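Since the structure comes first, as structure tokens, the remarks are kept for the end.
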Amino acid sequence: MKVLILGAGYGTRLEKDLKNDATGKYHHLIGVPKPLLPIGQYPLATHWLKDLADIKHIGGVYVVTNALNHSAFEAWASEWENVQLLCDGTTSNETRIGAVGCINLVVKHFNIQEDLLVIAGDTLFFHDVTLVDLIQAFQTFQHKDDKASMVVYVNCKDEEVHKYGILEVDESSRVTGFLEKPQSGETTSRKECPCFYFLSSHSLSLLSEFLEERKDQPLKARDATGNFIAFLSERKPVYATQISGRYDVGGLQSYIICNEHFQHEKL
């Protein structure tokens, strides 16, 4: 299994929050890409690498970056022998190729033919969620169907449904639908699905197909990774497993909450 951390976004909402912060306490974070934000004792992405270091059958870790922040990632990655970087060549939020485009870029560039764990570069999980347990859950689904992919979900409140991608699943935990930021009345599901996907090797060829079908659509249709999960679940088996919670570092307030939590945890 390979691992890909998405780091090519531009964090525009967080950047705006930082510049507008009247306290000035967090101005030193302006320009820092989200995966490199200090969370507790380490940069955000380092938390994932430390967890991955204990898992023997991880065959390599890739991080996709943009051209604007690539040098910062190079300095960070110099401490990790198993990390390979790939720059998407973009320099602004307006010219970005989108998250699904970045996944496909890495798959093609490194000729990945194994299962691929995709992790959003602005996400961390609660401490009781372990990669070992999640990999075991993925392997259990694959024992039933070797073409299976797996996503995770967190139960959200009614008033939060419109903020997230929402999974619909059947009694066997197979994904039957994915709604991108629906209104609460559009679905009875409250299964919020973060960008953390175990993609089967059998699913990777569908990335190009997905992008080709949407090449003339607005970037949003290609950028939201949940749209690919919806596309994939109609063609290949995708299963879901629940986790207790996660931190999504979208803006300054969510960064503060995440950082304070990890400051008080013994890592």
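The values are calculated or read from the model by the stated rules, or taken from the named source; none is laboratory data. Please read all numbers here as calculations on a predicted model, not as lab measurements. Counting neighbours? That spans all protein chains shown, and the Cβs are built from the backbone with ideal geometry, glycine included. Calculation scope for accessible area: heavy atoms of the full protein, side chains included, ligands and nucleic acids excluded. Shrake-Rupley method; radii C 1.70, N 1.55, O 1.52, S 1.80 Å.
With each pseudo-label sitting 7 Å past Cα toward Cβ, what's the Glu209-Arg13 distance in nm, one decimal?
So the label points at Glu209 and Arg13 sit 3.2 nm apart.
For segment 194-241, what is the convex hull volume of its Cα atoms per residue in Å³? Working shown, then result.
Working: hull volume 3.4 nm³, N = 48.
Measuring per residue, one finds 72 Å³ for the Cα hull of segment 194-241.
What's the local net charge at Ser189, with K and R +1, D and E -1, over the other residues with C-beta under 12 Å away?
Numbers: positive: Arg190, Lys191; negative: Asp158, Glu168, Asp170, Glu186, Glu192.
Neighbourhood net charge equals -3.
What does the convex hull of the Cα atoms of segment 1-104 come to per residue, in Å³, rounded to a whole number?
Taking the convex hull of the Cα positions in segment 1-104, it is 100 Å³ per residue.
For Ile112, tell me the accessible area in Å² from a 1.4 Å probe, rounded to the nearest 10.
About 10 Å², ignoring ligands and nucleic acids.
Whose amide H sits under 5 Å from the amide H of Thr176, counting only residues 5 or more places off or on another chain, with H placed in the peptide plane?
Glu168, Val169, Asp170
Which GluC sites (Glu not before Pro) in segment 1-81 pass both tests, a DSSP loop state and at most 13 other beta-carbon atoms within 10 Å?
Working: sites: Glu15, Glu74, Glu79, Glu81; in loops: Glu79, Glu81.
Answer by residue number: Glu79, Glu81.
Could you let me know the centre-to-centre spacing of segment 1-64 and segment 187-257, using Cα atoms, in angstrom?
One Cα centre to the other: 19 Å.
Test of understanding: given the chain, find the longest segment containing no trypsin sites (Lys or Arg not before Pro) that are in a DSSP loop and have at most 16 other Cβ atoms within 10 Å.
57-146
Give me the Kirkwood hydrodynamic radius of segment 105-210 in Å, from all C-alpha pairs, to one decimal place? Let's see the in-between values first.
On the way: mean 1/r = 0.0660 Å⁻¹.
One decimal place: 15.2 Å for the Kirkwood radius.
Among Gly245, His143, Trp80, whose Cα projects farthest towards the positive end of the dipole of the chain, with charges put on the beta-carbon of Lys, Arg (+1) and Asp, Glu (-1)?
Farthest along the dipole direction, towards plus: Trp80.
May I have the convex hull volume per residue, in Å³, for the Cα set of the chain? Don't jump to the answer; show the numbers that get you there.
On the way: hull volume 35.8 nm³, N = 267.
For the chain, the hull spanned by Cα atoms encloses 134 Å³ per residue.
Percent of accessible area on the chain owned by carbon and sulfur, 1.4 Å probe? Show your work: numbers first, answer last.
Details: 5800 of 12760 Å².
For the chain, the apolar C and S fraction of the accessible surface comes to 45 percent.
Quick one: of Lys34/Lys163; Lys34/Lys157; Lys191/Lys220; Lys144/Lys181; Lys56/Lys157, which pairs are farther than 28 Å apart, Cα to Cα?
Listed pairs above 28 Å: Lys144/Lys181; Lys56/Lys157.
Report ³J(HN,Hα) in whole Hz for each residue of segment 234-242, in order, from the Karplus equation J = 6.51 cos²θ - 1.76 cosθ + 1.60 where θ = phi - 60°; Gly and Pro get x.
7, 10, 9, x, 10, 10, 10, 10, 8
Measuring with a 1.4 Å probe in the full set of protein chains, what accessible area per residue, in whole Å², belongs to segment 109-210?
Solvent-accessible surface per residue comes out at 46 Å².
Which part of segment 191-221 falls in the paramagnetic zone of Gln139, meaning amide N under 17 Å from the point 7 Å along Cα-to-beta-carbon?
198-201
Please work out how much accessible surface Ser71 shows to a 1.4 Å probe, ignoring ligands, DNA and RNA, in Å² rounded to 10.
Ignoring ligands and nucleic acids, Ser71 comes out at about 80 Å².
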